[in-house]
Each structure stands twice: as C-alpha cells, then as structure tokens.
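Asker: Before I ask anything, here is the structure I am working with.
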Amino acid sequence: MKFFVSDLHLGDGSKADDFHREAEFLKFLNYAKLSCEELIIAGDLFELWQCSLENILIRHSRIVAGLLNFSRQKRLSYIIGNHDHAPFIKYVNSGLNIVLAYEDENAGLHAEHANQHDIFNRCKNPGNIISRICGLGERLIHPDFDEWATNAAQIRNKIPPSSAEYLKRGGNFSEYENAAMALINKGKRIVIFGHTHSAKLIRLGSGLYANCGAWSGSAKPTYVAVKDKSVEVRDGIDHSVIYAERTVN
C-alpha cells in the first residue's frame, strides 16, 4: 500500500506558519510505518515562500526527524511543490527520491503537485520578493496580511486555490480535473494531485482522480491510500475512509 500526503506548509513558528498539527502528523507517521510500504509527499512540505528553511528546520525539528526516521524503515518519496521548488529542484534525479512527478508504471499511477495546471501558479518558481514581504507583514502586522496584500495589489500569480479569491479572480477547479483527464487519456489509471487543499476522489473516464487535501491552516487533515486497484481518501486523524473507488481495469 502507498500513502500520499501533501501541503503541510511547515513554517517558522511565526504568524506566517499555518501548520499546527505536529502531534497529529507524528501519529500519522507512526501509523504509516506500520500500514504502508511507501509514503509519497505530494508537494509543499515546506513554506519556503515566506520562511527560511533554516528556521523551519529549527521550529519543526520533530516533524523532520520523524520523516527521516520513516525513511530509514520504509521508502519515502518527495514531489516538489510550488512553495518548496527551490532549493529542492537541484536534487531531482540525485538518488534522493526527490522528483517533479511520481510514476508507478505497474499501477498506471501518476502523482504531482499540480500547481502548473491553474492560471495563477503555472510558473516554475513563483516564490519571489512579494511573497517574502507578505510573510513579514503576517509576522509583524496580522496573520491575514498576505490575503490583504494579494487583494489590494491584484497579484495574479500569488492566489492559492485554497483562498476565496481563487474563484473570484477567475480560477476554476475544473483545471485540475481537465489535467487529470488528459493523463488518463494517455493511459494512466490513477492520477493524484495536491495543491488545492481540497480532498477529492472522482471517476474520470476509465480512471480515477484523487486529491490529497492538506494538513495546514483550517483544512481537515487527509491523505490518499492506494492498494492494487483500490483508491481511498482517508481522515488523517482516525484513518476512516471518506471516499473510496476502484479502477475499472
């Protein structure tokens, strides 16, 4: 069995940090060590748009240690997201299981973060000085400073699909379903994305599209479990099944 989890957005412990699930995620890792053969992180593990990696590693040392401990016992793969593109893009194909997209040819499975499929986050490395200014404003002024600044400045490539502004500014969640359908039309049976912070599992044509959801902010923690032809979206706390489907071939 493979587990897919995404969008922790580990920060530096300041108001710019949206991860508040340390105890729950450590329990999840313990469960995963007993229940799956591989854990795949489908992007945005770290919030590197607004926080430095050094401060993140200090603040969330228990999470990082838990992941390293997991990797010594089971396989751990890391798909790069848009919030943690740099510096990890330098380690793709380095033998560290860091990839832009995860493939399991035997299962017909494809997984990626999927930011490139929406109109606001398509660029390869969108983190820049604007995001860092927003992060500083969150720390010093108010936790919602980034949303205020985005609204005021009409910053198109900084609108996450988890925000209300995404739909108001012309975003459309069918973008992800269309991208998943295109992969299914090329022969994939299972397509898994992150990025949207919204857990989902639907049938598209002859395949299945699942979204991992998120572990940050106010999102209910979820993950995707895949075994043979079975795909489930599960509650990250009690592991109950929220959605379940089977592939048709």
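The values are calculated or read from the model by the stated rules, or taken from the named source; none is laboratory data. As the structure is a prediction and not an experimental result, all values here were calculated from the model. FYI the Cβ positions are ideal-geometry reconstructions off the backbone, even for glycines, and counts take in every protein chain you see.
Asker: Is it fair to say ILE56 is in a strand (DSSP E or B), surrounded by 14 or more Cβ atoms within 10 Å (Cβ to Cβ) and in contact (Cβ under 8 Å) with a residue 40 or more places away in the chain?
Answerer: no
Asker: Identify, please: which residue in the range 174-229 is crowded, with 24+ Cβ neighbours inside 10 Å, assigned to a loop (DSSP other than H, G, I, E, B) and small (Gly, Ala, Ser) and is, among those, nearest to the chain's Cα centre (by Cα)?
Answerer: That would be GLY194.
Asker: Among the residues of the range 230-249, write down those that are free of Cβ contacts under 8 Å to residues at least 40 places away in the same chain, outside any strand (DSSP E or B) and within 21 Å of ILE79 (Cβ to Cβ).
Answerer: Matches in the range 230-249: none.
Asker: Just give me the residues in the range 13-46 being buried (at least 16 other Cβ atoms within 10 Å of the Cβ), modelled with pLDDT of 95 or more and assigned to a loop (DSSP other than H, G, I, E, B), in sequence order.
Answerer: Result: PHE19, ARG21, CYS36, GLY43, ASP44, LEU45.
Asker: Same structure, new question: For the range 82-99, check the following and say yes or no: at least one residue is surrounded by 14 or more Cβ atoms within 10 Å (Cβ to Cβ), at pLDDT below 50, of a type outside the set (D, E, K, R) and within 14 Å of GLN50 (Cα to Cα).
Answerer: The answer is no, given that none of the residues of the range 82-99 is surrounded by 14 or more Cβ atoms within 10 Å (Cβ to Cβ), at pLDDT below 50, of a type outside the set (D, E, K, R) and within 14 Å of GLN50 (Cα to Cα).
Asker: Taking the stated definitions as given, is GLU103 under 30 Å from LYS186 (Cα atoms) and acidic (Asp, Glu)?
Answerer: yes
Asker: Taking into account only those residues within the range 200-249 that are of a type in the set (D, E, K, R) and in contact with a Ser or Thr (Cβ under 6 Å, 6 or more places away or on another chain), which is farthest from LYS33 (Cα to Cα)?
Answerer: Going through the qualifying residues, I end up with ARG246.
Asker: From the list ILE159, ILE202, which residue is touching a helix residue (DSSP H, G or I) at 6+ places or on another chain (Cβ under 6 Å) and either at pLDDT below 95 or farther than 17 Å from TYR102 by Cβ (or both)?
Answerer: ILE159
Asker: Also: Looking at the range 1-12 only, could you name the residues that are in a loop (DSSP other than H, G, I, E, B) and within 21 Å of GLU232 (Cα to Cα)?
Answerer: Of everything in the range 1-12, those that are in a loop (DSSP other than H, G, I, E, B) and within 21 Å of GLU232 (Cα to Cα) turn out to be MET1, SER6, ASP7, LEU8.
Asker: Give the residue, chosen from LEU26, LEU76, that is touching a residue at least 40 places away in the same chain (Cβ under 8 Å) and among the aliphatic types (A, V, I, L, M).
Answerer: LEU26
Asker: Right, GLY171: at pLDDT below 65 and crowded, with 18+ Cβ neighbours inside 10 Å or not?
Answerer: Spelling it out, it is not the case that GLY171 is at pLDDT below 65 and crowded, with 18+ Cβ neighbours inside 10 Å.
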